[in-house]
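Since every read-out is calculated from the coordinates, none of them should be taken as a lab result. Since we're looking at a predicted model, the values are computed, not measured. Please note: Cβ atoms are built from the backbone with ideal geometry, for glycine as well, and neighbour counts cover all protein chains shown.
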Amino acid sequence: MPVIAVVGPTGTGKSDLAVELALALDGEIVNTDSMQFYRGMDVGTAKLTPDERRGVPHHLLDILDVREEASVSAFQTAAREAIADIRARGRRPILAGGSGLYVRAALDVLEFPGTDPVVRSRLEAEAERDGIGVLARRLAEADPASASKVHDARRVIRALEVLEVTGRPFSAFMPRREYVEPAVQIGLDMERAALHARLERRVHRMVDAGLVDEVRRLDGEGLREGRTASRALGYSQFLRVLDGESTVEQAGDETIVATRQFARRQVTWFRADPRVHWLDALRPDVVGAALGILEA
């Protein structure tokens, strides 16, 4: 039986649908939201509470400290081990989350090149000394296919590192739309105005539920030291509240805008995959419709 993945933009109810499917199909859930890996990042990531999970086992939640950096490669290994373990117990694995590359890492043929800290440090030092433009031009000459697809300093450095370490272009490691085992992706989306209003309400609920206190507590646990966790939606904005550089209202408004922009990028990512079966997240029979897709 295929692996199920519930995907789509933030705020569309992926976690709730995954729980309903797990209850109907004797399944267990594997988290594919990269920010829900972090212990203590609960309010700001809309992580389901134990009661909301309704007894359904959830895997790969709360597996990292906020100081640790999330790794797609490490996640791929852990996710595939979790899927195999769920299957071995005769249950159905169900992926839930909107981190597109992590979903692809779990489902698709995707190879991760090795790293070399010495090479990485040297390239970062060059970028600091000469500017990232010099490295971008070097990449364009050596690997034009990759250069056309990477547009930030971190990925330019990574592409040059891969080329030097493996002798293969970074583009050779980009994911293919080929499942490693049978899978069905169910996408949730809704009309833009409805999604924007929903995201705004959700941010306000997070503030009311204690997001500022959560950020303050995590700041004491090293949130700012984490390269991944510190950039999470809401957390970076509300750290400025703690620093006196922003008000709660301003941080909330900035989080709403950033969340809408993130949702737009998620839609672009998942809509580009023709294998996703899309459903209107607001239809009253969304659970039945999802089960119908799986039966078909």
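Dividing the convex hull volume of the alpha-carbon atoms in the range 238-290 by its residue count gives 112 Å³ per residue. Net length available on complete extension from Ala289 to Arg177 is 37.9 nm, with 0.36 nm assigned per residue and the Cα-Cα distance removed. For the range 197-285, the direction-averaged projected area of the alpha-carbon convex hull comes to 7.5 nm². Among 279-290, 149-160, sorting by the average number of other beta carbon atoms lying within 10 angstrom of each residue, highest first, gives 149-160, 279-290.
Annotation: Cα Rg of the range 117-173 relative to the compact-globule expectation 2.2 N^0.38 Å equals 0.99. Suppose only helical runs count, i.e. DSSP H with n ≥ 4. What mean residue ellipticity at 222 nm does that imply for the chain under -39500 (n - 2.57) per run, divided by all residues and rounded to the nearest 500 deg cm²/dmol? Computed ellipticity for the chain at 222 nm equals -16000 deg cm²/dmol. For the chain, the mean projected area of the C-alpha convex hull, equal to one quarter of the hull surface, is 16.5 nm². Reducing the range 1-75 and the range 186-265 to their Cα centroids gives an inter-centroid distance of 18 Å. Kirkwood-type hydrodynamic radius, the range 1-108: 13.8 Å, calculated from all non-identical alpha-carbon pairs. The C-alpha atoms of the range 61-201 occupy a region whose extents along the principal axes are 52, 42, 32 Å, arranged from largest to smallest. From least to most packed, judged by other beta carbons within 10 angstrom and beginning with the fewest, Ile132, Ile186 follow the order Ile132, Ile186.
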